[in-house]
1. Pick from the range 181-222 the residues that are open to solvent by 70 Å² or more (accessible area, probe 1.4 Å) and aromatic (Phe, Trp, Tyr): which of them is modelled with the lowest pLDDT?
2. Is it the case, given these coordinates, that CYS305 is under 17 Å from THR150 (Cα atoms) and in a helix (DSSP H, G or I)?
3. Given the options ILE473, ILE452, name the one that is within 17 Å of ALA422 (Cβ to Cβ) and at pLDDT 75 or above.
4. So for the range 298-307 (the condition being closer than 29 Å to SER25 by Cβ and more than 33 Å from the chain's Cα centre (by Cα)), does at least one residue qualify?
5. Determine if the range 50-63 includes at least one residue that is open to solvent by 10 Å² or more (accessible area, probe 1.4 Å) and farther than 29 Å from MET148 by Cβ.
6. Check TRP45, TRP29 and return the single one that is open to solvent by 20 Å² or more (accessible area, probe 1.4 Å) and among the hydrophobic types (A, V, I, L, M, F, W, C).
7. Answer yes or no: is there a residue in the range 139-147 that is open to solvent by 50 Å² or more (accessible area, probe 1.4 Å) and at pLDDT below 95.
Amino acid sequence: MLNSSASASLVSRNGFFNLRFYNLSIDRWYLSIFYKTGGTEKPCWLANRDRPIKNDSGVLLIDEHGNLMIKYTGGDPIVLNSGQTNTNVTAILQDNGNFVLREATSSGTILWQSFDSPTDSFLPGMKLGINHKTGQKWSLTSWLTASMPTRGAFTLEWIPLEHQLVVKRRGVKFWTSGVLNNGTFKNLEILHFGELADYNFTEVSNTDEEFIAFKIVPYGPPIPGWVNVTSLSLGNDGIIVGQKSLGISLTIYECDGISTDSGCERWEGPKCRSHGEKFQKKEVLYDNSVPNSADYNKNLSFSDCLDICWNNCTCFGTGTPAIGSDIGCRFWYGPLKEIENGKDGTVYHMIIPGPPVKKTWVWILLAIAATLIVILLGILVFMRWRRLRLQEKFLLELMTLDNPSEAKELEIDGNTGHNLKAWELWKEGAGLELMHPTLRDSCSEDQVLRCINVALLCVEDNPLDRPSMSVVISMLTSEGVKLPTPKQPAFRIGRRVAETNSNEGKEENHSINNLTISVMDGR
């Protein structure tokens, strides 16, 4: 039997742990397990975290039916072993901090153990996960506040399918450790006292259970005392801290629902908080003119206050409802006056808004972008049209040239006139010299030669040898069809000279371009 006397305790055989009643205040007593290092440290396990005893009358005992229970004045007993009874049992505080009720026989079957009901601390040898046979789930739950062991807002769980540890706030993912890899986690930075030891996490998965456990591995010979009592603890603000020699850097202020650094999770917030707002710890001078309200709900921790304020777009800051209080909330609905550090004032967590993006500028930017796109498309269309027009003009001039003396001087803009000897160049195999340099990068040589070939066929001396328009279209579109070789064109210098010599002394030729007139016949 163990009572609430200050000197009464059950000590593990190695002397590292003790079990005793813990007095948080005059009306809150808890059966707790401590590291045996003094009476001021936080317990690593509590039997009755949600049912504090109102006085110092608490007694731990095993009744005649083998039930492990806490009896006290003014209330019903708190039974710990959930109905599993055996008249021949014993309770032992083991060297790893596990308090067990087991059969007092050679088998020593465990009927109940504190490791199956963890509070906020994760000790070496303890499991986080699930027992599929019994349905037992092992997870940590934070204290409501730093001085109230009641279940708080945060939980630490092992997610077998994800192979990682997850901190949740009121059931919503808050932080993740990253996937377990070679016994370590990417986002779990563990610090060692004096770099004397390392840690190692082990994952177990079978049909009966899925869990994770860890142990401390010294670099040298085991050091009595500090190595074996190392644990991880989930703080009331979501921080994972270490007892004795371990700890990680994770704070509620880093995980703000927006950042995803160091394992922080992003969660959906109100649309009004989309301009870079965040909580920041500041000293402010309380101003009575700022509207405010208080909520004295004893089940609200400060993390709940932050969440409530964050989801209320009119809330500028939050704190506890009164000086010295660590439960409940006070909310301010307007900016408070900041003061310099070191001066009198109350510390609050203020929301510091970032510069909002005004919708007017958004529409202006969209209009400018749309205008630029239209202009660009217009330029492209114009360039395409101009290129086609130049090609058409080039072919037209090619068909109407009468002076072969300047074979390479045809300009698309027509400034030098009709000065191309197309037939001679074609006959010499130099037809590509008819192509203007500006068209070389945008035209296919085969297509250019095909067009010139068809053009020369269309201006042959004998009209019967000229192809009809339907044949021309077929020649231009059917690249696989071999074209006939063109004969000398009708508009050639030899014919013009002959005509000039034969007409000496006769009536002057009044044709402007010295061309013959033929009967018009649509081809």
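The values are calculated or read from the model by the stated rules, or taken from the named source; none is laboratory data. Computed from a predicted structure; not experimentally measured. We place every Cβ from the backbone using ideal geometry, glycine too, and count neighbours over all the protein chains shown. Please note that ligands, DNA and RNA were not included when accessible areas were found on the heavy atoms of the full protein model with its side chains. Shrake-Rupley method; radii C 1.70, N 1.55, O 1.52, S 1.80 Å.
1. PHE193
2. Answer is yes for this residue.
3. That would be ILE452, the only listed residue that is within 17 Å of ALA422 (Cβ to Cβ) and at pLDDT 75 or above.
4. Yes, some residue in the range 298-307 is closer than 29 Å to SER25 by Cβ and more than 33 Å from the chain's Cα centre (by Cα).
5. Yes, there is a match, as at least one residue in the range 50-63 is open to solvent by 10 Å² or more (accessible area, probe 1.4 Å) and farther than 29 Å from MET148 by Cβ.
6. The unique qualifying residue is TRP29.
7. For the range 139-147, residues open to solvent by 50 Å² or more (accessible area, probe 1.4 Å) and at pLDDT below 95: present.
Listed here are the residues, each with its yes/no results for (1) surrounded by 22 or more Cβ atoms within 10 Å (Cβ to Cβ); (2) over 22 Å from the mean Cα position of the chain (by Cα); (3) hydrophobic (A, V, I, L, M, F, W, C); (4) assigned to a strand (DSSP E or B).
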site: THR134; (1), (2), (3), (4): no, yes, no, no
site: ARG151; (1), (2), (3), (4): no, yes, no, yes
site: THR155; (1), (2), (3), (4): no, yes, no, yes
site: LEU161; (1), (2), (3), (4): no, no, yes, no
site: VAL166; (1), (2), (3), (4): no, no, yes, yes
site: LYS173; (1), (2), (3), (4): no, no, no, yes
site: VAL179; (1), (2), (3), (4): no, no, yes, no
